Structures are given as structure tokens and as C-alpha cells.
1. With the condition kept exactly as written, say whether any residue in segment 258-274 is out of contact with any helix residue (DSSP H, G or I) (no Cβ under 7 Å at 6 or more places or on another chain), more than 20 Å from residue 185 (Cβ to Cβ) and crowded, with 16+ Cβ neighbours inside 10 Å.
2. Does residue 104 satisfy the condition of being part of a loop (DSSP other than H, G, I, E, B), farther than 21 Å from residue 267 by Cβ and modelled with pLDDT of 90 or more?
3. Taking the stated definitions as given, is residue 309 more than 25 Å from residue 238 (Cβ to Cβ) and either exposed (fewer than 15 other Cβ atoms within 10 Å of the Cβ) or in contact with a strand residue (DSSP E or B) (Cβ under 8 Å, 6 or more places away or on another chain) (or both)?
4. For residue 241, state whether it is outside the structural domain of residue 108 (by TED's automatic domain parsing), more than 13 Å from the chain's Cα centre (by Cα), under 23 Å from residue 335 (Cβ atoms) and without any contact (Cβ under 8 Å) to a residue 12 or more places away in the chain.
5. Residue by residue through segment 105-117, note down the ones that are over 16 Å from residue 151 (Cα atoms) and either within 16 Å of ligand 1 (Cβ to nearest atom) or buried (at least 24 other Cβ atoms within 10 Å of the Cβ) (or both).
6. Kindly indicate whether residue 280 is at pLDDT below 95, surrounded by fewer than 24 Cβ atoms within 10 Å (Cβ to Cβ) and under 26 Å from residue 317 (Cα atoms).
7. Return the residues of segment 251-281 that are within 13 Å of ligand 2 (Cβ to nearest atom) and either more than 20 Å from residue 182 (Cα to Cα) or in a strand (DSSP E or B) (or both); say none if nothing qualifies.
8. Residues in segment 193-223 that are in a loop (DSSP other than H, G, I, E, B), under 25 Å from residue 329 (Cα atoms) and touching a helix residue (DSSP H, G or I) at 6+ places or on another chain (Cβ under 8 Å): how many?
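The values are calculated or read from the model by the stated rules, or taken from the named source; none is laboratory data. Note that the coordinates shown come from a computational prediction; the quantities given were computed from them, not determined experimentally. Quick reminder, even Gly has a Cβ in these numbers, built from the backbone with ideal geometry, and neighbours come from all protein chains shown.
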Ligand code: AHM
Ligand code: MG
């Protein structure tokens, strides 16, 4: 007899009549019940991240009122970027929330050189590792522009009885168990996927809960906006310049916030393409594969979009070599990524 079709937990979880509010916690718990062999660990992790997001949100919203904007005393992070005070704060809060519950066995953060072991809580033996960019686009904080937290969860590969290893983090993005982002914008929204569609939860400040607001997000097939730091135009390769000229010829609008989470969120809702190609300063691209590109690529693909690098490789299939690896990216509406691909195939001087 054929096995019964597997239910889509993230859709079943909220299929109920009326306009009753569905909170993130309720959604996660209901979704877990539909997973075979669920142990509750992943559920716990997503809830921990939700809690950390609320704490970070509180602080981001106070920026300007208290002495938490500006450059941190620590100076630069491991990638050579200037650390803001709020970067440091967000990093500490996420680590704290994850360490307290012990639902993961190790953490990697864009702000730390190497992985952080999470001591077991009680007899729990966690099977997951979590990585994150605690506050992406943080150079925008001092000027009240949106910033975001990005996270990715993987199953560890090493023996659960010993400590986690760096290799547990060096897995291709197609092995992510869950990924998401929190955008601290005009409202605060948490968007996540466990590989079965994408859902968004807006923080209702009056009750302090993330509530389901964007159910089964689907990215438009095409868009009218392109998103790239056009200030670097003269440093881009020919094929990228040709593509950007084409965007302008077709009257696409340019939208670039300088905060990738914000740009990707707009693209998820309205369609469009986001590009960060190689420049002279960043020959391999600026954005980090593990902390930024992989989680956002999983979300965009789960919503029906595409994500490749400028060598036309699917981002999620890249085998990472190091924790802070950078890469180029083109991500967004499928028709626009395909159009860019045709330009690269036509004009690239390098063998693809
Ligand atoms: P960050 O992680 O140090 O904040 O850097 C990542 C950010 C992205 O959010 C944004 O898209 C990009 O850097 C902007 O870079 P640039 O100013 O070079 O255009
Ligand atoms: Mg970042």
C-alpha cells in the first residue's frame, strides 16, 4: 500500500476558521506535532531565537535614547568590519538565550572568530548547531534605518557524545534544517522556513508576541526593482555592468537599503533582484556564505525564488571551506535571476 501523503505542517498548523490570532509559539508547537520523530529540540531552538529577537528589538527601538549607538570599544570583528555597540549586544543576547536552554550544542556567529560550544543542560544531548549574523546592516542603526538578524540551523554531523566541531558548520546550505530572519523595521517581523514553505510573524507590541501575518509567502515571478550598490558600478565586471544598464533601459527602479535583510524582505513581497557581485575591494563578494547568503537563499528558494553566485552556481550547493567565507550573490524573483544569468553567459570573459 502506498504511504499516505505527508501533510504540510506549516500549512496545517494554522488552518482554522475565523481571524483568531496565531502566535509564533503556537504555530511552532502545532507544526512540530505534524513532524514524524520530532523531539522538540528544533521547536525549542526556534522559540529561543524568537525570545532573543524580542530582546534585541527592545534595544534597537531604544537606539538614540540610550547610549547604545555608535562604534563598540572592541573595534573590528573577525571579518574586519567595524563593530557597533548594538552588534555586540545582539550577539550576546542570542548566545545567552541559546546557551540557557541548551537546545543546540554549538554556535557560530559572524561576530566571533571561532565556534562557541554550548554546555549540555541537564542530560540533554543536542543534535543541532546554530549560526547567525546577530545584526546585519548595523551601520544603518545610527540613522534609524532597518536592520536584521539572520539565522540558520543545521543537524550536527559529529558524534553527539563529544564536542561539536567546525566541520559541523561547514555544511552546504541545502542541508539547513531551518533558516530565518528578523527585520527590525517600521514593524518587526520574523520570517522563517523549515523547508516547507515560508511564513512571517509580525511583533504585536501591545501583547509582546509575534503573530502570524504573512502566511505561505510566495515571491513574485518578476519584479520592477533591482537592488545593488550602484556606487561601485565602475568596479563591476562587464556582464554586471551590462545587466545594470539593461535594468535602467527597462525602467526598473533602483532600491538599495544597505541592509540585506530589508532588501530581501522587500523582494520577497514585491519581487525584484538583489546583487552583490565582486568588486576590487571584495573580489569574492562581500557577503558571508554561512551567516547571510545561505539562510536568505533557503528562504527565497522556499518562496519560489532563485539564488546563485556570479559563476552561476546555486548558492545552496556551495561546499563551504571556512566559517567566514565570502561569496558573490544574485538572489530574488526567478525570472530576473534567469535574465541576469543570460547576461553572464553572454558577456562573461571567464569560463563558467
Ligand atoms: P554587515 O554584516 O557588516 O552589516 O554587512 C552586510 C551588509 C548587508 O546587509 C548589505 O547588503 C551590505 O553589507 C552593504 O554593503 P555595501 O555598503 O558595500 O553596499
Ligand atoms: Mg551581516
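1. Checking segment 258-274: not a single residue is out of contact with any helix residue (DSSP H, G or I) (no Cβ under 7 Å at 6 or more places or on another chain), more than 20 Å from residue 185 (Cβ to Cβ) and crowded, with 16+ Cβ neighbours inside 10 Å.
2. yes
3. Taking the combined requirement at face value, the residue does not satisfy it.
4. Criteria met by residue 241.
5. Restricting attention to segment 105-117, the residues satisfying the condition of being over 16 Å from residue 151 (Cα atoms) are 113-114, 117.
113, the sole residue that qualifies.
6. Yes; evaluated as a whole, the condition is true for this residue.
7. 276
8. First, pick out the residues of segment 193-223 that are in a loop (DSSP other than H, G, I, E, B): 194-197, 205-208, 215-223.
Checking which are under 25 Å from residue 329 (Cα atoms) leaves us with 194-197, 216-223.
From what's left, touching a helix residue (DSSP H, G or I) at 6+ places or on another chain (Cβ under 8 Å): 194-197, 216-217, 219-223.
Number of matching residues: 11.
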